[in-house]
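I have placed the structure first, in the form of structure tokens, so that the comments after it can refer back to it.
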Amino acid sequence: MRNEEEKLDQLFAKFDSDWDVVELPKNHENRFIDKLNTKSIKNRKRNLYTTIAIAATLVVMFSLSFFFKPEAKTNKLTFASKETKQTDSIFNVLIKNELNKLKEKESPQNQKIITDALQQMKVLDNDYQKIIKEIARNGENKQIIYAMISNLQTRISFLQNVLNQIETTEQLNTQNDEKTL
């Protein structure tokens, strides 16, 4: 046992100069607390700036979503030939023009006709979307192209018929009004 104690004493003596035996200054604790407080203030400021940056980013993203709304349905034929795309775009321009004319004719007297026509147009548009999906899935063939063109022609003639009906109704109303005066 004595031998072990001597070995431990020698070991401690050997590392005696390596021990940290310096006493800390009296105000060391206060300096340490001050450093902690300044770091926590900096962290709070950094957290505040981070929070403000995140909030600003969210506001910008939210406001951009109002300005840049994606278009509703795109009637793009991605897998179609150039001629089919041209035919599609020409018919769609004609359909949009007829729809604009229909919306211009909107009045309380023909509101029901216009509402019914727009509902029928939605049905025809859904059929058209199915045809486009079919073209994308199976490619072009005569039957599908014929169905597409037939749908587009039907939509245009339907809108023209509705416009003619509205004009006829308006003429009848003005003639009846003139007779009663």
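The values are calculated or read from the model by the stated rules, or taken from the named source; none is laboratory data. Just so it is clear, the model here is predicted, and its values are computed rather than measured. Every residue, glycine as well, gets a Cβ built from its backbone with ideal geometry; the counts of neighbours run over all protein chains shown. The area values use the complete protein model at the heavy-atom level, side chains included, leaving out ligands, DNA and RNA. Shrake-Rupley method; radii C 1.70, N 1.55, O 1.52, S 1.80 Å.
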- Note on the structure: In whole percent, the fraction of accessible protein surface over segment 79-170 that belongs to carbon or sulfur atoms, probe radius 1.4 Å, stands at 52
- Item | Ordering of 96-106, 156-166 by burial proxy (mean other Cβ atoms within 10 Å per residue, highest first) | 156-166, 96-106
- Query: Counting only pairs 8 or more places apart or on different chains, how many lysine pairs in segment 111-165 have C-alpha atoms closer than 18 Å?
  - Reply: 5
- Task: May I ask you to give the solvent-accessible area per residue for segment 88-181, in square angstrom, as obtained with a 1.4 angstrom probe?
- Result: 68
- Could you work out the Kirkwood radius for segment 109-171, taking every pair of different alpha carbons, averaging 1/r and inverting it, reported in Å? 13.0
- Task: Within the set of other residues whose C-beta is less than 12 Å from the C-beta of GLU98, count the net charge using Lys and Arg as +1 and Asp and Glu as -1.
- Result: +4
